[in-house]
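The values are calculated or read from the model by the stated rules, or taken from the named source; none is laboratory data. Everything numeric in this text was worked out from a predicted model, so none of it was measured. Here the Cβ positions follow ideal geometry from the backbone for every residue, glycine too, while neighbour counts run over all protein chains shown. Each accessible area value is taken on the protein alone, full model and side chains, heavy atoms only, with ligands, DNA and RNA left out. Shrake-Rupley method; radii C 1.70, N 1.55, O 1.52, S 1.80 Å.
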Amino acid sequence: MLRILTVGLMIVLGLAACTADPSPPAAAVDALFSGATSAETPGAAIIVIKDGKVLQKSAYGMADIKNGVPFETGTSSRLGSVSKQFTAMAIMILEERGKLNYDDPITQFLPELSRFGRQITIRHLLNHTGGLPDYYDVMVEITGVERPLTRHALDAYSAWGEPLFEPGERYEYSNPGYELLALIVERASGEVFGDFVEQDIFARLGMSHSVVLDDRNPKLEKRAFGYRRDGSGFTLFDDDPLNYIVGSGGIYSSVEDLYLWDQALYGETLVSKETLAQAFSPAVLNDGKHYPYGFGWRFDEHLARQRIAHGGSWVGFRTFIGRYVDDSFSVIVLSNLDEAEPEAMADTIAAIYLAEGETRNRPASTTIVNARILDGSGAPEQSGNVRFIGDRITAIGDFTPSPGDTVIDAGGMVLAPGFIDTHSHADSELREHPGALASVSQGITTAVVGADGSSEFPLQQFFDRTGKKQSAINVASFAGHGTIRSKVMGEDFRRHATAEEIGRMIGLLRGEMAAGALGLSSGLEYDPGIYSSAEEVIALALEAARYGGRYSSHIRSEDQWFWDAIDEIIEIGRVTEMPVHVSHVKLALRRELGKAQQLIDLLDQARAGGIDITADIYPYTYWESTLTVLFPNRDFDNREAAEFALSEVTTPEGAYLSVFKPNPDYVGRSILDISHARETDPATTLMDLIREARLYQEQSGETDVESVVAVSMDEEDIRRLMNWPHTNLCTDGSLVASHPRGFGSYPRFLGRYVRERQVMDLATAVHKSTGLAARHMGIRDRGTIAPGLKADLVLFDPETIIDHATPSAPEALSAGIRQVWVNGVTVFENGEVSGKYPGQVIH
Ligand SMILES: [Zn+2]
C-alpha cells in the first residue's frame, strides 16, 4: 500500500554485519550500512541473488529496539505493496485452475459492485486500469468500524464514490483494486484469502517466515516493528486502523523467503511459464498504448538492463524487489524505517555487483537512432530513438545511447513494430523454412497460424518444436475446428456430428486451448467444416470462450450465401460473448460487388449491439483456394454449378491454376487457356480438372493437389473494407507461395494502397498492421513500440516500399524493407535472412 509520504535522502543505517572476510562487493555493500552502528537504530535485511545462488545475504540494525532484537535475514518484515504480486499470483493460480478468466467482469464474483458496471474486468484490476475510487480517507465514515476488513466493508464500498474513468482508459495505481482481487480469490476458491496464499504459495515454496496478517491473527514469530525518526531517536510506527486490509498489502516475509519466491518466478512450481509471461507483460490501454505495469510488477530500465520490480511502503516499513531477469540477478531490500529508500539501496547494490562482470554479463543492447517512429498505436509519427535490451524495448524518445550500445542509424526511415499477420498458412512450412523469408522480407515478425479451421495437432507438439529456436518469426495458433472434426469423424464427415462426437471434439479442443491456442478457427467453406451444423460450431466456440479464447472464421460462404454466413458469425459472437473475427473479408460474387458499405453497416450494427466483431483483409483483388470451393454443394458434375462459378464467382480467363499435381504444366494457365488446349468449353474443363485432381489424390494419397487463383473482388470494396476501423491487415499466405500475397502483402498495402492511392495515412496503416492486429488476436506484449514490450521491429522506407511478387513470380522479394528484428535479434537485413531463429511461441 503506497500511501503518499515524504521521504528524505537515502539514509544509511544499521549495524555493519559481522561477515568474516567478506568478498569485495559484499564489503562494499556492508559499507553502505556502516554509517549507523548503534543498537538503537532500526534495521534492514538484503539479499543478492545471481543464477539461483545467493551472492550476499546480510542484515543490519534492530528489528525490535525495545526488546533488543536484531534484524536478521529470517526476520519477517511488512512488505507493503510488494504483497500485490502475491495477490496477483493467487489470481493466476485460480485462472490456471479454470476458476476465473482475466477478462471476466468483476461483477461475476462481486455482484455488490454492479453499480460500477460490468465492464471492469479482473485484468483491469491487476493492471490498475479499472478506474475505481479510492476510499482510505473515508474508511471509518463509510464502514462505521474502526478496524475494517475489506470483505466486511464491501457493501459500504459498493455504495461509495464514483468511477474515476472508463475501465482501460488509463493507468492509475489503485489499492482498492487489489483488495477486491483478494475478495475475488475468496469467492472463486471458497477459501479465506490468507489461507489460500499461505497454502498455495507460501507452503508450496517453503516460505516458512511468511504470513498474511489479517483478522485470523496468524502467529508472527521473529517480526520486525516499523519505526520513524523522532528527534535524535526512533519511535514505533507500526499501527494503523487499516493494518489488516489484505490484497494490496498486509504480507510479512523475510529476505530468505523472498529468495524462494524470486527463484519460483523462473520456474513452473506455481504456474506455467506462459501464465508468468502474462504477469510480466505491460498493461494495454483502450487506445492501444501500453503502460509498463503487469500483474503486480512494473517494468523499467536500470544499469542499461531491463528490470522487473516493485516497491512497498506502509507505516514504518519500506521494501523493494528488483529483478534483472536477463542476468538472472535480483536484489531484495527490506527495512523497518519509514525514511529508508530501499529502491535507491537496491540500485546501489545492483551497481556494485553488476559492475563486477560488466563486460562479461551485460546483455546485448541496441539503440536505433534518427528514426521516424510510428509506434503502432495509430498515434502520429515522432522522430527519435528506440532502445532495446535483450528481447525487450526499454526506451523510446529523445535520449543518448548508453555506452556499450550497438547504435544503428535509421537514416530517417520509418521504424514500426513488426507486422503481425493474423491469417497465415506458415504452420507446417516453418519446419522446412525456419528462416521464413516470405514473412520477414515483408516485415512480418509474428504469424498467427491454425487458420481456416486447419491447425497442427496436437498444438503442444508444434509449440514445443517451434519454441526451440526453430523459427525466425514468432508464432501463435488457433485450434482448427476442421482438424478436430477430422480427428473425431475421420472419413465419415459428410454429415452433422452426433452429440457424442461433439463431446469428443470438445475434449480435444480443451487440450489445444490448454496448450495455448488463441481460440477456435473454422473454415466453414471447406471440408470437413462445411458439413457442420451451426450448433456444433457454437458448442466448440463456447468451450474456447471458457478459456478466454476468441473465434476466427473463414465464413460458411464467401459468395452465394455470403449474407447468411455473416449472420452466422454475428450470431456466434452474440451467443458466446467472445470476440469473433472474419478472416480475409471480401465481397467476391459478381452480384455482391460494390456492397462493402452495406456489409460495414451490418458489422457496425452488430458492434453497436455489443458484439466484438472484427476482420482482417489482404490487399489483392484475387483470392487463392481449391477448385472444389467453387462448388458449395459439392456437386462437382453439375454443369449449372460450374457455369455459375465461371460467370458469377470468377471468369474463365480470370482463374488460373497455381498448383495442379496431376499435370504441373497447367500451373500458371487460366481455365480458358486450358479449355482451348483441351478443345472443350471452360465449364467442362473445370469439372474435368476437379475429377482428375480427386482421382490423383485418391491414388497418390497426397494432399493439396490443386489450387486456383481467381480474380473476383472489386478495388473500391477493398478500399472501403480496409478502412473499416476494425479491419487489420493479413496475408492469408504461405512461406512457399503460389499466390503473391505470401511474399508481397504488406509492401503492397504500404506502397500501392497507402502511398500511391492514399487510401489512409501511414500511421493508421501501420496501426492496422501491428497494434490493431495484436489487439484482434489477444496478443498483449507485441504490436506497439513501448517500454516493456518485445523488441519486434521493422525499419522501412515509406517512399520506396513496394511488392514485386506477381502471379507469375509469386516469390519475388519486395523492396523498401531495410531491417527486421524479432525479439531483439536481426532476422532480415538488406534482402537477406540472417539465419537466426529467435522466434517465440505466443500463448
Ligand atoms: Zn481462408
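Within segment 258-272, the presence of a residue that is in contact with a strand residue (DSSP E or B) (Cβ under 9 Å, 6 or more places away or on another chain), touching a residue at least 24 places away in the same chain (Cβ under 8 Å), open to solvent by less than 10 Å² (accessible area, probe 1.4 Å) and in a loop (DSSP other than H, G, I, E, B) is excluded. Considering only segment 4-15, I want to know if a residue exists there that is surrounded by fewer than 22 Cβ atoms within 10 Å (Cβ to Cβ), touching a Phe, Trp or Tyr at 6+ places or on another chain (Cβ under 7 Å) and modelled with pLDDT under 70. For segment 4-15, residues surrounded by fewer than 22 Cβ atoms within 10 Å (Cβ to Cβ), touching a Phe, Trp or Tyr at 6+ places or on another chain (Cβ under 7 Å) and modelled with pLDDT under 70: present. The single condition from (1) buried (at least 19 other Cβ atoms within 10 Å of the Cβ); (2) under 23 Å from Phe237 (Cβ atoms); (3) at pLDDT below 95 that Ala26 fails is (2). Checked against the criteria, Ser521 counts as within 16 Å of the ligand (Cβ to nearest atom), open to solvent by less than 30 Å² (accessible area, probe 1.4 Å) and not in a loop (DSSP other than H, G, I, E, B). A search for C-beta distances below 7 Å between a residue of segment 802-815 that is acidic (Asp, Glu) and any residue that is outside any loop (DSSP other than H, G, I, E, B), counting only pairs 6+ apart in sequence or on different chains, returns Asp803/Gly744; Asp803/Pro747; Asp803/Arg748; Asp803/Gly751; Glu811/Phe743.
Here's the yes/no breakdown for (1) under 43 Å from the mean Cα position of the chain (by Cα); (2) on the phi < 0 side of the Ramachandran plot; (3) assigned to a loop (DSSP other than H, G, I, E, B):
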site	(1), (2), (3)
Glu640	no, yes, no
Glu643	no, yes, no
Glu653	no, yes, yes
Ser658	yes, yes, no
Leu672	no, yes, no
Thr685	no, yes, no
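If you filter segment 719-744 down to residues that are among the polar types (S, T, N, Q) and in contact with a strand residue (DSSP E or B) (Cβ under 7 Å, 6 or more places away or on another chain), you find that the one that is most open to solvent (accessible area, probe 1.4 Å) is Ser738. The condition of being among the aliphatic types (A, V, I, L, M), open to solvent by 10 Å² or more (accessible area, probe 1.4 Å), touching a Phe, Trp or Tyr at 6+ places or on another chain (Cβ under 8 Å) and away from the ligand (no atom under 16 Å from the Cβ) holds for only one of Ala514, Ala499, that being Ala514. Quickly run through segment 622-638 and pick out the residues that are within 16 Å of the ligand (Cβ to nearest atom) and either aromatic (Phe, Trp, Tyr) or in a loop (DSSP other than H, G, I, E, B) (or both). Those that are within 16 Å of the ligand (Cβ to nearest atom) and either aromatic (Phe, Trp, Tyr) or in a loop (DSSP other than H, G, I, E, B) (or both): Tyr622, Trp623, Thr626, Pro632. Screening Ile674, Ile600, Ile617, Ile611 for residues that are modelled with pLDDT of 95 or more and within 19 Å of Glu692 (Cα to Cα) leaves exactly one candidate, Ile674.
Residues that are open to solvent by 10 Å² or more (accessible area, probe 1.4 Å), within 20 Å of Lys790 (Cα to Cα) and within 16 Å of the ligand (Cβ to nearest atom) number at least 3 in none of the strands (runs of 3 or more DSSP E) confined to segment 350-468. In the set (1) within 16 Å of the ligand (Cβ to nearest atom); (2) under 23 Å from Ala615 (Cβ atoms); (3) open to solvent by 30 Å² or more (accessible area, probe 1.4 Å), the condition left unmet by Asp527 is number (2).
The residues on offer are Leu735, Leu721, and the sole one that is under 30 Å from Lys595 (Cβ atoms) and within 34 Å of the chain's Cα centre (by Cα) is Leu721. You will find that of Ser365, Ser402, Ser424, the residue that is more than 30 Å from Pro24 (Cβ to Cβ) and of a type in the set (Ser, Thr, Tyr) is Ser424 and no other.
Remark: pairs (first residue in segment 518-529, in contact (Cβ under 8 Å) with a residue 40 or more places away in the chain; second residue hydrophobic (A, V, I, L, M, F, W, C) and within 11 Å of the ligand (Cβ to nearest atom); Cβ separation under 9 Å; 6+ apart in sequence or on different chains) = Ser521/Ala451; Ser522/Ile555; Gly523/Ala451; Leu524/Ile555; Glu525/Ile555; Glu525/Val629; Tyr526/Val629.
Residues considered: Glu716, Glu679, Glu756. Of these, the only one that is more than 16 Å from the ligand (Cβ to nearest atom), within 25 Å of Ser658 (Cα to Cα), open to solvent by 10 Å² or more (accessible area, probe 1.4 Å) and of a type outside the set (Lys, Arg) is Glu679. Of everything in segment 804-821 that is among the aliphatic types (A, V, I, L, M) and within 26 Å of the chain's Cα centre (by Cα), the residue that is least open to solvent (accessible area, probe 1.4 Å) is Val820.
Is at least one residue of segment 233-249 touching a helix residue (DSSP H, G or I) at 6+ places or on another chain (Cβ under 7 Å), open to solvent by 10 Å² or more (accessible area, probe 1.4 Å) and in a helix (DSSP H, G or I)? For segment 233-249, residues touching a helix residue (DSSP H, G or I) at 6+ places or on another chain (Cβ under 7 Å), open to solvent by 10 Å² or more (accessible area, probe 1.4 Å) and in a helix (DSSP H, G or I): absent. Please tell me if Val212 is of a type in the set (Val, Ile, Thr) and modelled with pLDDT of 90 or more. So Val212 fits the description; yes.
Against the conditions (1) open to solvent by 50 Å² or more (accessible area, probe 1.4 Å); (2) away from the ligand (no atom under 16 Å from the Cβ), Leu509 satisfies every one except (1). Among the criteria (1) more than 29 Å from Ser76 (Cβ to Cβ); (2) touching a helix residue (DSSP H, G or I) at 6+ places or on another chain (Cβ under 6 Å); (3) modelled with pLDDT of 90 or more, the one Thr366 does not fulfil is (2). Counting only residues that are more than 16 Å from the ligand (Cβ to nearest atom), open to solvent by 10 Å² or more (accessible area, probe 1.4 Å) and part of a helix (DSSP H, G or I), segment 532-569 holds 11 of them.
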